[in-house]
1. When residues of region 140-157 are filtered for being more than 10 Å from the ligand (Cβ to nearest atom) and either surrounded by 16 or more Cβ atoms within 10 Å (Cβ to Cβ) or part of a strand (DSSP E or B) (or both), how many remain?
2. Sort out which residues of region 8-41 are surrounded by 13 or more Cβ atoms within 10 Å (Cβ to Cβ), within 22 Å of THR93 (Cβ to Cβ) and more than 20 Å from the chain's Cα centre (by Cα), and write them in order of number.
3. Please go through region 72-99 and give me each residue that is touching a residue at least 40 places away in the same chain (Cβ under 8 Å) and β-branched (Val, Ile, Thr), ordered by number.
4. Just to be sure I understand, how many residues within region 53-80 are within 14 Å of the chain's Cα centre (by Cα) and open to solvent by 50 Å² or more (accessible area, probe 1.4 Å)?
5. Could you tell me which numbered condition PHE137 fails, if it satisfies all but one of (1) closer than 20 Å to LYS81 by Cα; (2) in contact with a strand residue (DSSP E or B) (Cβ under 6 Å, 6 or more places away or on another chain); (3) hydrophobic (A, V, I, L, M, F, W, C)?
6. Could you tell me how many of the residues in region 120-136 are within 18 Å of ALA147 (Cβ to Cβ), within 12 Å of the ligand (Cβ to nearest atom) and outside any helix (DSSP H, G or I)?
7. Go through (1) more than 9 Å from the ligand (Cβ to nearest atom); (2) open to solvent by less than 50 Å² (accessible area, probe 1.4 Å); (3) of a type in the set (A, V, I, L, M) and name the single condition ILE85 misses.
8. State whether one or more residues within region 103-119 are buried (at least 17 other Cβ atoms within 10 Å of the Cβ), away from the ligand (no atom under 14 Å from the Cβ) and either closer than 16 Å to SER60 by Cβ or more than 12 Å from the chain's Cα centre (by Cα) (or both).
Amino acid sequence: MTSQRTRERLIQRLMDQGVSNEQVLDIIRNTPRHIFLDEALSHRAYEDSSLPIGFGQTLSQPYIVARMTELLVGAAAKMDKVLEIGTGSGYQTVVLAQLVKQLYSVERIKPLQDKARERIRTLGLRNVLLRHADGGFGWPEQGPFDAILSAAAPRVVPEGLKQQLAPDGVLVIPVGGEQQELQLIMRDGDTDTFVTRSIEPVKFVPLLSGTTR
Ligand code: SAH
């Protein structure tokens, strides 16, 4: 199930759906997605679907991870400092970490963060800093960021996240309730003007406030 052929089939599927960034495809090809799941589900790791990781949360669908990553890489002027909201299993974290200098990732559910930390360590990545906090406020002490990616959907984009964008910084975020859309928000230079591009309809777990132990 974790064979090279199974992974190759996933890559082909992503390409069929329009993902074209070679670097992103390569990273997804070479990142072991099965270690981000409980053993009972790991045989489904290379399907193009979202899968449960406990606490009512899900490991994002490979297409969505690829699409959001590709958007970020394509729109950001640089990827030195990047913030992720919603570490979850750590899969998107690990994909992103291979494209950026320093990655910061915030998760509100402690046990999920603990597992993600273990996986990131197993893979030997040393450029990831994790924080247990409400990511709706970003990570002001570490900002500004060249790019921010949110894996959870707020009803309205938190103002704090936009303010933590560096000049020409980009934010990729699902927005909405029952109906959600993926948005690409770009800061215009060092101004307070933001340009929003609507990408496609999506279905993410909600961005919740506060933290749980
Ligand atoms: N990319 C992750 C997605 C996990 S689902 C993966 O593929 O595993 C989204 C995650 O966002 C969940 O783990 C959820 O707990 C987290 N989340 C929701 N609201 C949050 C908030 N305000 N701050 C930080 N994390 C949040």
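The values are calculated or read from the model by the stated rules, or taken from the named source; none is laboratory data. Since the structure is predicted, the reported quantities are computational estimates derived from the model, not experimental observations. Cβ coordinates were reconstructed from backbone atoms using ideal geometry, including for glycine residues, and neighbour counts include every protein chain displayed. Please note that ligands, DNA and RNA were not included when accessible areas were found on the heavy atoms of the full protein model with its side chains. Shrake-Rupley method; radii C 1.70, N 1.55, O 1.52, S 1.80 Å.
1. Number satisfying all stated conditions: 7.
2. LEU41
3. Taking region 72-99 first, the residues touching a residue at least 40 places away in the same chain (Cβ under 8 Å) are 72-92, 94-96, 98-99.
Across region 72-99, the qualifying residues are VAL73, VAL82, ILE85, THR87, VAL94, VAL95.
4. So the count comes out to 3.
5. Condition (2) is where PHE137 drops out.
6. Of region 120-136, the ones within 18 Å of ALA147 (Cβ to Cβ) are 125, 127-131, 135-136.
Adding the requirement that they be within 12 Å of the ligand (Cβ to nearest atom) leaves 130-131, 135-136.
Retained after the next criterion (residues that are outside any helix (DSSP H, G or I)): 130-131.
Residues in region 120-136 being within 18 Å of ALA147 (Cβ to Cβ), within 12 Å of the ligand (Cβ to nearest atom) and outside any helix (DSSP H, G or I): 2 in total.
7. For ILE85, the exception is condition (1).
8. No: region 103-119 contains no residue that is buried (at least 17 other Cβ atoms within 10 Å of the Cβ), away from the ligand (no atom under 14 Å from the Cβ) and either closer than 16 Å to SER60 by Cβ or more than 12 Å from the chain's Cα centre (by Cα) (or both).
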